[in-house]
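Chemist: I have a structure here, written as structure tokens, and I will follow up with some questions on it.
The values are calculated or read from the model by the stated rules, or taken from the named source; none is laboratory data. Source: prediction; values computed, not measured. Heads up, the Cβs are rebuilt from the backbone with ideal geometry, glycines too, and the neighbour counts pull from every protein chain shown. Each accessible area value is taken on the protein alone, full model and side chains, heavy atoms only, with ligands, DNA and RNA left out. Shrake-Rupley method; radii C 1.70, N 1.55, O 1.52, S 1.80 Å.
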Amino acid sequence: MTVSSNHTNLRDIWYTMTGIPGLEYAHIWISIPICFMYIVSVLGNTFLLFLIFTERSLHEPMYLFLSMLALADIFLSTVTTPKMLAIFWFQDGGISFGCCVSQMYFLHFIFVAESAILLAMAFDRYVAICHPLRYTTILTPSVIGKMGIASVIRSFFICFPLVFLVYRLAYCGRNIIHHSYCEHMGIARLACDNIKINIYYGVIVALFSTCLDVVLIIVSYALILCTVFRIPSQDARLKTLGTCGSHVCVILLFYTPAFFSFFAHRFGGHHIPLHVHILLANLYVVVPPTLNPIIYGVKTKKVQEKFVHVFSVSNKFC
């Protein structure tokens, strides 16, 4: 689909997303694990939310933050995966400019919010391990609620300018998106205008939101490790490290592919094959949301116990 006029009205522009360029023949096969992971993600995170909100013993700061993470994971995968599957199954890559910008906004909004939630969870572990006697007085329900609201407000103010940055550009015929979903630089690169402001803003946002979150998370865990290694009992040290293991796995799952995608899009375009970049970007929005509830289910004893309890009660009724 092409646009004939030099500067078409934005309302008339329709984009066509191609899925994974170079792997069109494998779209059906790629869609099978992605569909499976999406179903597991939605069901797993929904069950985790149900478990946390129905079991009073899980109404603790750690699990309240975990519920925020589960909610963000559901939104992250749902914003992108249904359209992705429509492209793979039905070659339905058409999307209006407004819908594309909306998908872009919510994708980045949820990503920045989830990054803030992971930082809050790192702070929770820092207080629990380094200041255990003050844990309940520092992380009160009111403080947890304010931290959740702050993450949403911060994400809104960071991501909302992206909408204006893509709307200010002039588009003149390039409306084929070599991707399975819309994201900021993917839209900006289709414009005929100078997109330096878009590039600079994207880098600034990454540095002062996500990268800052990562630095603060690293500082939190450095302080945690200093405290852990001062514990005289080896069993206590291992137990304390074990409680942080699930969170570290989640952090690595979330940030590693995200940073790869970010740097590949801006600096590695000629060195990394496009189909590799797009395939990893597709997996990024489904793999972490799928594995997060599994990791917490395996690594967190309380979640295991409540899961077994709920499952055994449901079996009795059956």
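Chemist: For Leu162, are the conditions met, namely being in contact with a strand residue (DSSP E or B) (Cβ under 6 Å, 6 or more places away or on another chain), over 21 Å from Tyr38 (Cα atoms) and either in contact (Cβ under 8 Å) with a residue 24 or more places away in the chain or in a helix (DSSP H, G or I) (or both)?
Modeler: When the stated conditions are applied, Leu162 does not pass them.
Chemist: Restricting the search to region 132-178, which residues are closer than 23 Å to Thr243 by Cα and hydroxyl-bearing (Ser, Thr, Tyr)?
Modeler: Tyr135, Thr136, Thr137, Thr140
Chemist: Could you give me the residue pairs with C-beta distances under 9 Å whose first residue belongs to region 1-30 and is among the polar types (S, T, N, Q) and at pLDDT 85 or above, whose second residue is assigned to a loop (DSSP other than H, G, I, E, B) and open to solvent by 90 Å² or more (accessible area, probe 1.4 Å) wherever it lies, and which are 6+ apart or on separate chains?
Modeler: Thr16/Met1; Thr18/His178
Chemist: Among the residues of region 182-192, is there at least one that is open to solvent by less than 20 Å² (accessible area, probe 1.4 Å), charged (D, E, K, R), in contact (Cβ under 8 Å) with a residue 24 or more places away in the chain and closer than 30 Å to Ile34 by Cα?
Modeler: Checked region 182-192: no residue is open to solvent by less than 20 Å² (accessible area, probe 1.4 Å), charged (D, E, K, R), in contact (Cβ under 8 Å) with a residue 24 or more places away in the chain and closer than 30 Å to Ile34 by Cα.
Chemist: Of all residues in region 31-57, which are among the charged types (D, E, K, R) and either surrounded by 13 or more Cβ atoms within 10 Å (Cβ to Cβ) or modelled with pLDDT of 90 or more (or both)?
Modeler: Across region 31-57, the qualifying residue is only Glu55.
Chemist: Being aromatic (Phe, Trp, Tyr), under 19 Å from Ser67 (Cα atoms), open to solvent by 30 Å² or more (accessible area, probe 1.4 Å) and not in a loop (DSSP other than H, G, I, E, B): is that true of Phe111 here?
Modeler: yes
Chemist: Can you find a residue in region 78-95 that is within 16 Å of Cys159 (Cα to Cα) and not in a strand (DSSP E or B)?
Modeler: The answer is yes; a qualifying residue exists.
Chemist: Here's something else I'd like to know. Filter region 259-300 for residues that are modelled with pLDDT under 80, assigned to a helix (DSSP H, G or I) and closer than 18 Å to Ala70 by Cβ and give the result.
Modeler: Tyr296, Gly297, Val298, Lys299
Chemist: Of all residues in region 115-146 being in contact (Cβ under 8 Å) with a residue 24 or more places away in the chain and open to solvent by 50 Å² or more (accessible area, probe 1.4 Å), which is farthest from the chain's Cα centre (by Cα)?
Modeler: If we take residues in region 115-146 being in contact (Cβ under 8 Å) with a residue 24 or more places away in the chain and open to solvent by 50 Å² or more (accessible area, probe 1.4 Å), then Pro141 is farthest from the chain's Cα centre (by Cα).
Chemist: Any idea which of (1) more than 24 Å from Ile204 (Cβ to Cβ); (2) at pLDDT 95 or above is the one Phe106 doesn't satisfy?
Modeler: (1)
Chemist: Of the numbered conditions (1) free of Cβ contacts under 8 Å to residues at least 24 places away in the same chain; (2) touching a Pro at 6+ places or on another chain (Cβ under 7 Å), Ile153 satisfies every one except a single condition; which is it?
Modeler: Here Ile153 meets the rest and fails (2).
Chemist: Among the residues of region 222-238, are any within 18 Å of the chain's Cα centre (by Cα) and surrounded by 19 or more Cβ atoms within 10 Å (Cβ to Cβ)?
Modeler: No - not one qualifying residue is present in region 222-238.
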